[in-house]
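Okay, so here's the structure we're looking at.
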Amino acid sequence: MKRVQLSVRYPDRFVHPIQRRIASDLPITRAELLMWSPTEDATTLFWCDGDRDATAEAVADVESLVASNFVEDADGTYAFLRQDDYEFPAALLELVADARVIFLPPVTFLDIGDVRFQAVGESEALGAFHEELSALGDLTVERVREFERRDSPSRLTDRQRAALDAAVSVGYYDVPRTGTVSDVADALDCSSSTAGELLRKAEAAVITEYTEAR
């Protein structure tokens, strides 16, 4: 079993309205589709790296929106959305429905136009999905690894792991330190406060795992 991280850039006719909106002048660089219902009512939980007002603006163009609720936290804003349609193109929904792979949250929409997500399956099924999705957009394989049933040893999320990787690359953990939180933020293309929060949570997860193992 393989776990593959993919990034795809769709033609304009396939771009989701939330991604189209954050690609404009909103102070949001990413929106993450964290959870979605298996039913036709299209209940979803989004997260945006912006405040409540900006997030409300980002979802305002979703024509199928029936109800919404927003919860702001230190990193951004959660958006509970109930729609009567997912507003993804039929060709894409059919491809996802027919694929012999499983998709792991989050699905990340970036303001630069890329959609990033992870899929799990056997190599043959992943290869078939890759071929079919390539016909719909500009597809890139970013990472391939073995699928593990258990959580990673350090309990890190992908965003926390990316923050640690960025911190190492810019010299944040060098002795003496040669990089700053601002440098990490630049590498992640996020605010300094978000980068600092990601680093703190990542460090807490690693240290907790270490002390529990002892």
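What follows draws every value from the coordinates through simple rules; no lab data is involved. This one's a predicted model, so the numbers in the text were calculated from it and none came from an experiment. Quick reminder, even Gly has a Cβ in these numbers, built from the backbone with ideal geometry, and neighbours come from all protein chains shown.
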- Provide the per-residue ³J(HN,Hα) series for segment 108-125, in order, calculated from phi with Karplus coefficients 6.51, -1.76, 1.60 and θ = phi - 60°, each as a whole number of Hz, with x at glycine and proline positions. 9, 9, 9, 5, 7, x, 7, 10, 10, 7, 10, 10, 10, x, 6, 4, 5, 5
- Where does helix 158-170 land angle-wise versus the long Cα axis of the chain, in degrees 0 to 90, nearest 10? 50
- Message: Could you tell me the calculated FRET efficiency between THR157 and VAL71, based on Cβ-Cβ distance and R0 = 25 angstrom, to the nearest 0.05?
- Response: 0.85
- Task: Select from THR77, THR43, THR180 the residue whose mean-square fluctuation is largest in a Gaussian network model of the chain (Cα-Cα springs shorter than 10 Å).
- Result: THR180
- Task: Calculate the dipole size of segment 41-138 relative to its Cα centre from +1 charges on Lys and Arg beta carbons and -1 charges on Asp and Glu beta carbons; express the result in debye to the nearest 20.
- Result: 260
- Treat every Asp and Glu Cβ in the chain as -1 and every Lys and Arg Cβ as +1, leave all other atoms uncharged, and give the resulting dipole magnitude about the Cα centre to the nearest 20 debye. 760
- Item | In degrees, nearest ten, helix 192-213 long axis to first principal axis of the chain (Cα) | 70
- Item | Exposure proxy order (Cβ contacts within 10 Å, fewest to most) of HIS16, HIS130 | HIS130, HIS16
- Residue (of LEU199, LEU139, PHE80) at the positive-pole extreme of the chain, dipole from beta-carbon charges: LEU199
